Structures are given as C-alpha cells and as structure tokens.
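Working notes, beginning with the structure itself.
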Amino acid sequence: MAKRILSLIPPSLVVDHVHQSKEAISIDCRFRSTGAKCPDCRKASNRIHSRYQRRLADLPWQGRMVTITLNVRRLRCSNDRCRRRIFAENVGDVTWRYCRRTRRLGDVHRSIGMALGGEAGMRLVARLGMPVSADTILRIARTRLPDNCEAPRVLGVDDWAWRRGQRYGTILVDLETNNVVDLLPDREKDTLSGWLADHPGVEVIARDRAGAYARGAREGAPKAQQVADRWHLLRNCSDALQNVVEQRYRLIRDIGKSLMAQIDTDDRMRGERVKAEPLHRRAARQLHNRHQDRRTLFEEVIRLNGMGWSQLAIKRELGVDLKTIRKWLKDNQPGTWERKVFTENPADAHIDYVRRRWLEGCRNATRLYSEVCDRGYRGSVKAFREWVKVRLRDGIPAPALSRASRKSSWRAPSSRQTVRLLTAEVDTLPPNERAFVDAISSASPEVAVAAGLARRFQSMICNREIAALKPWLNDAIAGPMSSFARGIRRDVEAVRAALTMPWSTGPVEGKINKLKLIKRSMYGRAGMDLLRSRIIDETSTNTKLTMY
C-alpha cells in the first residue's frame, strides 16, 4: 500500500517515511533538489543555514486523512551583494506561503465552497475525509485567483436586486461564452463606464432600455455598438399601452360590467331552455350517441379483421382492449353495455319525504339515507345515491342563488388582461372576449389607435422588420403612445441593432436566476466578494483542479 501512496506524491518531493493508522496517514517528505535559487538575485545556493517542518493537509486516501510533513531547508545566499542573506526553499508547486494545505486540496475546498457555501460545504468535506470549518471554506472561496482573461467582445449588461425595490447591482456576461465576467455593486452609469474604460475591447453591448446603462456604455465604450433587448422593448410597449388603458379605465370597467350582465342574462336563458328539455329525452339522446360510437368502432374492428389483421394489431391501431375485440368477433355484435333498469325502487315509497327535505335545503344524500332508513328503507346507500341523482338532483332545479353569491361565467378583465386582449389576434379570442375588445374599440378611439400601434410594434420586433420602424415612429409620435415613441427615437440606433443583430440579454437573465439561487442558499448574507467568487465560472477565472 505504501507504494501506491508514493505514486500520488508530487514529483518534486522525496518520501522518507510513511506512518499509517486506521484513521489517518502521515507522510514525511523533503525536496528532491539539493539547492535552490535566491528569490531576489536568482543565484543558486546549496549552503544550508537551518531546517524547519511544515505540516500540510492533503487529499484523503480511501477515506483516511493524509498529512504531509515537509522538511524545508533554509539556505544562505552565495551572492555577497544580495540584500537577502537567508531564504527558504520554494514550495510554490506544492502549497502557498503560510498555508496549511496543499494546492490541490485548496482547489477542492474552493470548488466545494463555490458550489455549496460554508455550512453545506463543511458537512460534505467532513464526510469526504478532509474536514475544515465553514469560515475557512468561505475564506478560501473569497480568494480570487489572478484574472488574466481579456475583455469580452460581446457583453451583456443587466441589473439584479440585492434587495428588491431598495438596492440593485449590475451583472456582466460574455454572450459568446455564456460566462459571468464581473459583478458591479450598483447600476449607476459611472460604475459601468469605469469598468468599460478599464477593460477595452468590447465591441457589442446588449442591454435593457435603462438610461443609466445607455449613458454608461456610451461614455465607457463610445465605439461599441449598443443593442436594445427585444423582450424589454415588447414589455415597454405593453406598459405604454397599459398606461393608455388605465387613463380610461372607468369607461372600460363600465363596458365590462354591462357585458357581464348581458352574458349572465344569456346564460340564465340558455340554462332554462336546457332544463325545459325532458330528462328522459336527454338521457335517450346521450345513450343513442354512445351506441352509435360503439357501433362505428365495432364495424372498424370487423373491417380490419376481414383484411387479415391480427387481433393484437387491431388493439394497437384502435386502442380497444384485446378481450373486447375477442368478444365482438365471437358474438358478431358489439353488445349494449346497458345497465339493468329497475321499473320500481324501494325508495319511491319515501319520495314525498325526500322531496320535501330536498327543497328545505338538505342536499346530502348520506344524511337523507340515514333519515329514510329510520322510516323503514332497507336498500344500500349506493343504490339510494343513484336514485337521488336520477329522481331529485337531475329533476328538481336548485334554488336560485342570491345576487351576492351568484358567480358570473365571465368576469371583466383587469388592466393588464385588457392589454393582452387588445394585442392578441382577434381570431384566437373566445366570443365573450372578442365582444369586449370590439366594445372598447367602439367606445374609445384612443385605445383602439394605441392597440393598433402596439400590435404593429409587436409584429415589427418579432419579425425583425427594420423597414417598418420609421413609418411606425411617424405614426406613433403624434398618437396616444407618443411618450414611448419619443423614447424609441432617442434610442433608435440600439433598436435598429436589435432588429438586425442576434444578441439579447436572455443569457444574462439566466445568470441572474443562478445568482438568486446562490443568494438564497446563503440566506442573503453574502458580500460582494463572495458573490463574485461564487457566480463567476471557473473557466473565466482560470480556476483549475490540480491533480499531480
């Protein structure tokens, strides 16, 4: 086993002795080289001054903790002109200065800390045989490795909430590699422009329509092409139409109430016509429809069987049970599947009592069953329930509800729902909603014009119709959505780029969702340094798991 352990030791070390126990393994090591170079003058020396030991925690071996006891030599510098007289051997390929763990163990602790956080990471590493405290894991995760990556060519910018409605930050994502580049502590233009000035080389900036980001990108990277996000454009258009609707919402509310009253009247009249139809006629019609469907399915089974199809193939084709197919082919008829009809029922003797209790408001069949049993009924509760359903529930109309408790089959939509109806395709709307939209368009020409402009803008963005942008601006600048149109005109270059370029802030939204998960897993107590370390991908921070 010692030979297998020795194969895992870094090649720059020589193993002197291995101490083994059931819980841990201790390895005594020294450096293979006989000398070292002075860190200042870089002159080699082998003049030994003294020795000392460093105890380093290493990766576990088969669940047992491993400790490397490293014998380090202090050397005298052989250069008389060098200001440094004594230096120690370089341990940079094994560990860092003043560190109590090897590099590879530190990389594992950092990866676990970035993935799980402090408490959860502590529980995991203790189970894996490399225990460390939660505070140490967080301290390792906060340690940023040198960032030598270049500025991205295509940058996505969006805001995220430290605390919704109170404090916000900015997240920067490389849209070509889908990696988080950096986090900024706020969403001010000076912060973004300063970051862009320190990281030259950004050619495209995809952002939402926030004015601070537009000014910050223009000041920090004046040569970069700004691209407005298409989803935010559609959302801003929807908000502008909602403002038009809310300014005239009293009129729209009155239209909705009148339409609700009309629909309630139609539903009552339709319900009375349905109830006026005799019960036995409805039941006979439903029974006839079921028989007709079964007869059609039976004829198809006979046809396929005559063509030479197997019973299993017919089952797979029609979805009929195999036993049913065999029975139909054997009897040469589909059967009726009708239940036995009883002309008389023992509960008919109590019909007057049950009807009176039913009209009094007792609609619980189980309670009625217990009452008729006291009057001498000896049938089963199941049969009594079926009798109540046929004789009472389907035959006696329910008492009329009060005006306060009556629920309408259609409710007037809210302002946001009204915006959705106004911008939807008319052919896809149900009749009630279509009538509501037509009534609004007739009663308020301003809302009708704004809805037409919103539908044109939506079609232009979804179909990338850049030629339709200028005519839309000319029509909208003097209409009810003039404020939104003026904002589009101020940001027209970014809007044009949104219609011609493929970039958007969709990947940025995904990273914001990941950032929210990390924040909530730490109960919102993480600082900027820890959040930045945990959200930035290992590929962008040059973090690598070193396995010797």
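The values are calculated or read from the model by the stated rules, or taken from the named source; none is laboratory data. Remember, predicted model here, so these are calculated numbers, not experimental data. We place every Cβ from the backbone using ideal geometry, glycine too, and count neighbours over all the protein chains shown.
Looking at the structure I just gave you, is MET114 at negative phi, within 30 Å of the chain's Cα centre (by Cα), assigned to a helix (DSSP H, G or I) and in contact (Cβ under 8 Å) with a residue 40 or more places away in the chain? Spell out the reasoning first.
On the way: at negative phi: yes; within 30 Å of the chain's Cα centre (by Cα): yes; assigned to a helix (DSSP H, G or I): yes; in contact (Cβ under 8 Å) with a residue 40 or more places away in the chain: yes.
Yes.
Residues in the range 65-123 that are over 23 Å from PRO39 (Cβ atoms) and small (Gly, Ala, Ser) were compared, and the one that is surrounded by the fewest Cβ atoms within 10 Å (Cβ to Cβ) is ALA115.
For the range 225-255, the tally of residues that are outside any strand (DSSP E or B), closer than 30 Å to ARG153 by Cα and touching a residue at least 24 places away in the same chain (Cβ under 8 Å) stands at 8.
Screening LYS516 with (1) touching a residue at least 24 places away in the same chain (Cβ under 8 Å); (2) surrounded by 13 or more Cβ atoms within 10 Å (Cβ to Cβ) gives one miss only, at (2). Any chance the range 196-213 includes a residue that's at positive phi and either among the aliphatic types (A, V, I, L, M) or not in a strand (DSSP E or B) (or both)? Checked against the condition, which is being at positive phi and either among the aliphatic types (A, V, I, L, M) or not in a strand (DSSP E or B) (or both), the range 196-213 yields at least one hit. You will find that of TRP337, TRP328, the residue that is surrounded by 15 or more Cβ atoms within 10 Å (Cβ to Cβ) and either at pLDDT 80 or above or not in a helix (DSSP H, G or I) (or both) is TRP328 and no other.
Each row is one residue, and each column tells you yes or no for (1) at pLDDT 90 or above; (2) surrounded by fewer than 21 Cβ atoms within 10 Å (Cβ to Cβ).
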site	(1), (2)
VAL204	yes, yes
GLY211	no, yes
ARG215	yes, yes
GLU219	yes, yes
PRO222	yes, yes
ASP229	yes, no
HIS232	yes, yes
GLN242	yes, yes
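Taking ALA141 as the residue in question, decide whether it is in contact (Cβ under 8 Å) with a residue 24 or more places away in the chain, in a loop (DSSP other than H, G, I, E, B) and among the small types (Gly, Ala, Ser). Answer is no for this residue.
Show the residue pairs meeting these rules: Cβ distance below 6 Å; 6+ apart or different chains; first residue within the range 30-48 and modelled with pLDDT under 85; second residue surrounded by fewer than 15 Cβ atoms within 10 Å (Cβ to Cβ) and part of a loop (DSSP other than H, G, I, E, B). Going by the 6 Å Cβ cut-off, the qualifying pairs are THR34/ASN46; GLY35/ASN46.
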